[in-house]
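Below is one structure, written out as structure tokens, with a few remarks after it.
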Amino acid sequence: EGEAAGGAPAPPRVRPGDGVTALVGGDVWTISGPVVRRGTVLLRDGRIDRVGADLPVPEGARVIRTDGKRVLPGFVGVDAEPVGISGGSPRPGSLFRDALDPHSRGNELALGSGVTALYATSASQQGFLVTQTAVLRPALGEAPLMVLKEPAAVWVNYARGPSADRVGFEDQLRRGRKHLQDEEEARRSKKEPPRPPVGPEILAALRGEIPVRVPAAWRGEIRDALSLSREFGVRVVLEDCLEAWIVPEEIARAGATAIVTPRNRRRQEGREDAHGGSLETAAVLERAGARFCLQPVGGFTQPGGGFRLGGLSGRDLTDYPVEGAFAVRGGASEGAVLRAMTLGAAEALGVADRIGSIEPGKDADLIVLDGDPLHYRTVVDMALVGGKVLYERSKSSFFRDLPGR
């Protein structure tokens, strides 16, 4: 690689096809480590290569100046309607990857909100048990980048469903657990493995590859959902977890993740004066050492929430960060809240090995902000997915006229 004048090492040269990009000069919020002031993030072939201050930029690299900006991992939405899917949802029995619409305007809306990945459940599969799920990336114009993980979860209405359905689901888990034991015994004995008695998604959940997601707002529902973790060892994600602040230690002991909306003050009918939601929920969970993620009021893709236009928070571009700001107002630390919106959400979705923090080897799914992440006036200037710049506010048909900081 040679030496520059004065004996200093010369920047490495970029070979044709290396695909090196350097984001230079902004404050890099790695999430998994300290903030790197006026740092550099080197990207190579769609992944993060190096992160640090005063890194030499390879000769021939594409340089993106981020001076005065904040560089973060893209926000991760933990529960949303499908974005970038033809017809809004795949057909029953089909896959998300077979129904992609990479040119959907919803992809641009998501990236303009800073969301570079989101969990989606198919609207075509309804009922007590849903396995048609995926983690999608709103990769505008880039279909090969859109499906990050499929299937992504087993969704089950366990805490609210009929007792017969609950018993049936427990039976599936028991049969699946027995099958995995028999499969391991067959492997050790070098015998033909038995035929699975349950679907592959149930087996994946029992192996810990995907979570079991359970709607559980109230204390009793939460405890019912956590029983799945205790009895079967599955990883539980609690959706709509309003009363998580009442049982934070139980959630922490189970290793479950609670999805909370600090601004949601809904009360259970007939118990309006007893419990319900709390602005302090995230803070209580943080103090208990329990995992939590955030969900904006109205969700991510419902009217009035997340990244639809015309709703509760300006044009809704800031709904997710504003929800984070309310969590801080309720007593949670800024670091815990930002983690919940990025790495914590990626962990809940089982994709933290790919996204959620700025670390070497991870996918280069990044956002560049014009101010502090949780400030209500901060907007997204740029979003990258897989190292490709797929959103620039200055060129956006939706957001270029929004005032920045």
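Annotations for the structure displayed:
- Counted residues, the stretch 203-256 - those being over 21 Å from Ala346 (Cα atoms), buried (at least 19 other Cβ atoms within 10 Å of the Cβ), of a type in the set (Asp, Glu) and out of contact with any Gly (no Cβ under 8 Å at 6 or more places or on another chain): 1
- On the stretch given as the stretch 41-69, residues that are farther than 22 Å from Thr378 by Cβ, part of a strand (DSSP E or B) and either at pLDDT below 95 or not aliphatic (A, V, I, L, M) (or both) total 7.
- Restricting attention to the stretch 241-267, the residues being free of Cβ contacts under 8 Å to residues at least 40 places away in the same chain, assigned to a loop (DSSP other than H, G, I, E, B) and among the charged types (D, E, K, R) number 2.
- Selection of the stretch 216-240 for residues being of a type in the set (A, V, I, L, M) and without any contact (Cβ under 8 Å) to a residue 60 or more places away in the chain yields Ala216, Ala217, Leu226, Val236, Leu238.
- Filtering the stretch 81-103 for residues that are at pLDDT below 95 and under 26 Å from Val28 (Cβ atoms) leaves an empty set.
- Test: residue in the stretch 197-215 that is part of a loop (DSSP other than H, G, I, E, B), in contact (Cβ under 8 Å) with a residue 60 or more places away in the chain and more than 28 Å from Ile355 (Cα to Cα): no
- The one condition in (1) touching a Lys or Arg at 6+ places or on another chain (Cβ under 8 Å); (2) modelled with pLDDT under 90; (3) surrounded by 24 or more Cβ atoms within 10 Å (Cβ to Cβ) that Arg405 fails to fulfil: (3)
- Checking Gln268 against (1) more than 17 Å from the chain's Cα centre (by Cα); (2) modelled with pLDDT of 95 or more; (3) polar (S, T, N, Q), the condition it does not meet: (2)
- Spans of strands (runs of 3 or more DSSP E) in the stretch 288-399 with at least 1 residues of a type outside the set (Lys, Arg), under 24 Å from Ala252 (Cβ atoms) and modelled with pLDDT of 85 or more: 291-294
- Within the stretch 17-29, the set of residues being closer than 15 Å to Pro373 by Cβ and either surrounded by fewer than 21 Cβ atoms within 10 Å (Cβ to Cβ) or over 26 Å from the mean Cα position of the chain (by Cα) (or both) comprises just one member, Asp27.
- For the stretch 373-388, the set of residues classified as surrounded by fewer than 17 Cβ atoms within 10 Å (Cβ to Cβ) and in contact (Cβ under 8 Å) with a residue 60 or more places away in the chain consists of Tyr376 only.
- Residues being out of contact with any helix residue (DSSP H, G or I) (no Cβ under 7 Å at 6 or more places or on another chain), free of Cβ contacts under 8 Å to residues at least 60 places away in the same chain and part of a helix (DSSP H, G or I) are entirely absent from the stretch 28-36.
- For the stretch 70-84, residues that are over 13 Å from the mean Cα position of the chain (by Cα), in a strand (DSSP E or B) and buried (at least 24 other Cβ atoms within 10 Å of the Cβ) total 2.
The values are calculated or read from the model by the stated rules, or taken from the named source; none is laboratory data. Owing to the predicted nature of the structure, the values given are computational and were not obtained by experimental measurement. As a convention, Cβ positions derive from the backbone with ideal geometry for all residues, glycine included, and neighbour counts pool all protein chains shown.
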